[in-house]
Amino acid sequence: MARKGIIIVITLCLAGLVQAQEQRQHREVWNQVFTQRQGREFPHNKFLAEMIKGRRPGKALDIGLGEGRNALFLATQGWEVTGFDISDVGVRLAREAAQKRGLKLEALLEDVDRFDYGKQRWDLVVGMYMHSMITRNATKIIDSLKPRGIIVIEGFHQDLNRQGLQGGYIGYRSNELLRAFDRLRVLHYEDTVGPADWERSGQEAPIVRFVAVKDQASGDSR
């Protein structure tokens, strides 16, 4: 029994080391991306802007805020914004931009799978081009929404047929968001082809857009 316990501990330690190494590699990749994007202007997401029109500002969470383009926009609209990213370069740029523009933004260096989303904490959750990082955390995201809180998502469809920066094909599968967030009431679902705001080439791409609300009666998972 003692030997078995030692083997389990060693296995867990090795798994932790592998995960830490993958996280470092992930951070380095995105640090390079945001370093290359420094000094360039990236506008906020148009779909997000359209979906919050007429909605009373509250507490918002931007998952994967990058250099803060969407989080800063929300702050200008009166939202109390928290955003996080695995890239310390992206987080630094977001903080600097907020300070320069006199906007309040809580920008955190966090991992999407380890972040404490909380319970009934957010009036708005934003996930732009985060793909599997959103769907594998769907339960935590749903629980973190306040009653009548909404989630706004835009991303590529897997028909894009392109590998991501960490390998593997990026994008949502057909109806993946509908299944992942089936405890919410869908307000908008769009599977289309058009310009993506993450694509600076101007070329059209397969895009998925999704908005859902947490009904008053919806309970948290147990």
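Observations, loosely collected:
- Shape call, the stretch 89-198: gyration tensor on alpha carbons, a/c limit 1.5: oblate
- Leading residue at positive end of dipole, the stretch 39-107 (Cβ point charges), from GLY83, GLY66, MET51: MET51
- As a length-normalised measure over Cα pairs under 8 Å and 6 or more apart, the relative contact order of the stretch 74-150 settles at 28 percent.
- Taking Lys and Arg as +1 and Asp and Glu as -1, the other residues whose beta-carbon sits under 14 Å from that of ARG56 total +3.
- Prolate/oblate/rounded call for the stretch 89-135, Cα gyration tensor, a/c under 1.5 rounded: prolate
- Ignoring lysines fewer than eight residues from LYS53 along the same chain, the ones with Cα atoms less than 30 angstrom from its Cα are LYS100, LYS104, LYS119, LYS140, LYS146, LYS214.
- Between ARG148 and LEU103, the contour length at 0.36 nm per residue exceeds the alpha carbon distance by 13.6 nm.
- Length gained on full extension, THR192 to ASP116: 24.1 nm, using 0.36 nm per residue less the C-alpha separation.
- Residues whose placed amide H lies under 5 Å from that of TRP122, excluding near-sequence neighbours: LEU145, LYS146
- Accessible area of the stretch 53-204 divided out per residue, in Å², using a probe of 1.4 angstrom: 49
The values are calculated or read from the model by the stated rules, or taken from the named source; none is laboratory data. Small disclaimer: the values here were computed from a predicted structure and weren't measured. All Cβ positions, glycine included, derive from the backbone under ideal geometry; neighbour counts span all protein chains shown. The area values use the complete protein model at the heavy-atom level, side chains included, leaving out ligands, DNA and RNA. Shrake-Rupley method; radii C 1.70, N 1.55, O 1.52, S 1.80 Å.
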